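Working notes, beginning with the structure itself.
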Amino acid sequence: MTANEKRLLQLLQDRSFRRGRFRLASGATSDYYIDGKMVEAFSESAFLIGEVLYERTKDLAIDALGGLEIGAVPLTTAAVISYHLHGRKMEGFWVRDKAKLHGTQKTIEGNLPPGARVVLLDDVITTGGSCGKAITAVRERGCEVVLVLALVDRLQGADQFLKEAGISAYQALFTIRDFGVDV
């Protein structure tokens with residue numbers, strides 16, 4: 001684990017991890033919750049997120065990074081800023097849960113060209129269902145998903161879901177075990 005990853009994990013533990021009773025996006029309940037937005041909207045950790053995502057993706061032949069709104073918006077922004085700071089251009093995008101009802105009525109925001117090779121980002125992945133929406137949308141645009149990269153994997157089936165969706169490359173920076181939760 002790099003120094004940036006260690007510090008990011010500490011910030012996630014301090015700012016995002018909570019015990020209690022929570023309902024998840026999947027509808028399931030949990031006795032812990034990771035509120036990724038508590039680090040994604042904080043200056044130090046936003047910078048670290050960008051740097052860590054850059055380090056994990058810089059050697060891939062990709063055209064864009066993005067994922068499903070809301071979680072992927074700050075991740076994407078942090079990553080493309082880090083690409084810029086390292087002297088490289090990178091497109092960012094995010095997939096709306098539903099197409100806009102006004103303006104251009106787009107499902108994908110950002111300049112994602114058809115046929116692009118992309119990395120899909122997620123803040124906290126559980127079953128993979130939310131990520132599946134982004135996979136479907138970018139594939140419909142004719143893009144190839146090179147990697148799915150999550151900040152935290154709750155270890156509740158996302159890896160299997162992604163395999164079944166035809167995703168051969170999946171990484172999580174951290175798992176719920178890094179927060180002291182046994183699965």
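The values are calculated or read from the model by the stated rules, or taken from the named source; none is laboratory data. In this text the structure is predicted, and so the values were computed from the model without any measurement. Cβ placement follows ideal geometry from the backbone for every residue including glycine, while neighbour counts extend to all protein chains displayed. What goes into the accessible areas is simple: the full protein's heavy atoms, side chains included, and nothing from ligands, DNA or RNA. Shrake-Rupley method; radii C 1.70, N 1.55, O 1.52, S 1.80 Å.
Descriptive notes on the structure:
- Cβ-Cβ contacts under 6 Å between residues 6 or more apart (or on different chains), taken from a first residue in the range 145-156 that is more than 23 Å from S30 (Cα to Cα) and touching a residue at least 24 places away in the same chain (Cβ under 8 Å) to a second residue that is charged (D, E, K, R) and open to solvent by 10 Å² or more (accessible area, probe 1.4 Å), are listed as V146/R117.
Residue-by-condition table, conditions (1) of a type in the set (K, R); (2) within 16 Å of the chain's Cα centre (by Cα); (3) modelled with pLDDT of 95 or more:
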{"site": "T127", "(1), (2), (3)": "no, yes, no"}
{"site": "C131", "(1), (2), (3)": "no, yes, no"}
{"site": "C143", "(1), (2), (3)": "no, no, yes"}
{"site": "V146", "(1), (2), (3)": "no, yes, yes"}
{"site": "L149", "(1), (2), (3)": "no, yes, yes"}
{"site": "L162", "(1), (2), (3)": "no, yes, yes"}
{"site": "S168", "(1), (2), (3)": "no, no, no"}
{"site": "Q171", "(1), (2), (3)": "no, yes, yes"}
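- Enumeration of residues in the range 31-56 that are outside any helix (DSSP H, G or I), in contact (Cβ under 8 Å) with a residue 24 or more places away in the chain and closer than 24 Å to V183 by Cα: Y32, I34, G36
- Residue in the range 17-25 that is part of a helix (DSSP H, G or I) and surrounded by fewer than 15 Cβ atoms within 10 Å (Cβ to Cβ) present: no
Residues are listed down the side, and each one gets a yes or a no for (1) surrounded by fewer than 21 Cβ atoms within 10 Å (Cβ to Cβ); (2) within 21 Å of T136 (Cα to Cα):
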site	(1), (2)
A28	yes, no
Y33	yes, no
L48	no, no
D63	yes, yes
H84	yes, no
G92	no, yes
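- Residue count, the range 114-142 (criterion: open to solvent by 10 Å² or more (accessible area, probe 1.4 Å) and over 17 Å from I176 (Cα atoms)): 13
- Filtered residues of the range 1-16 (kept if open to solvent by 30 Å² or more (accessible area, probe 1.4 Å) and either modelled with pLDDT under 95 or acidic (D, E) (or both)): M1, D14
- Remark: D59 matches the filter, which requires a residue to be open to solvent by 80 Å² or more (accessible area, probe 1.4 Å) and without any contact (Cβ under 8 Å) to a residue 60 or more places away in the chain.
- Remark: pairs (first residue in the range 165-183, of a type in the set (S, T, Y); second residue in a helix (DSSP H, G or I) and open to solvent by 60 Å² or more (accessible area, probe 1.4 Å); Cβ separation under 9 Å; 6+ apart in sequence or on different chains) = Y170/D159; Y170/K163.
- Filter pass, G157 being at positive phi, of a type in the set (G, A, S) and open to solvent by less than 40 Å² (accessible area, probe 1.4 Å): yes
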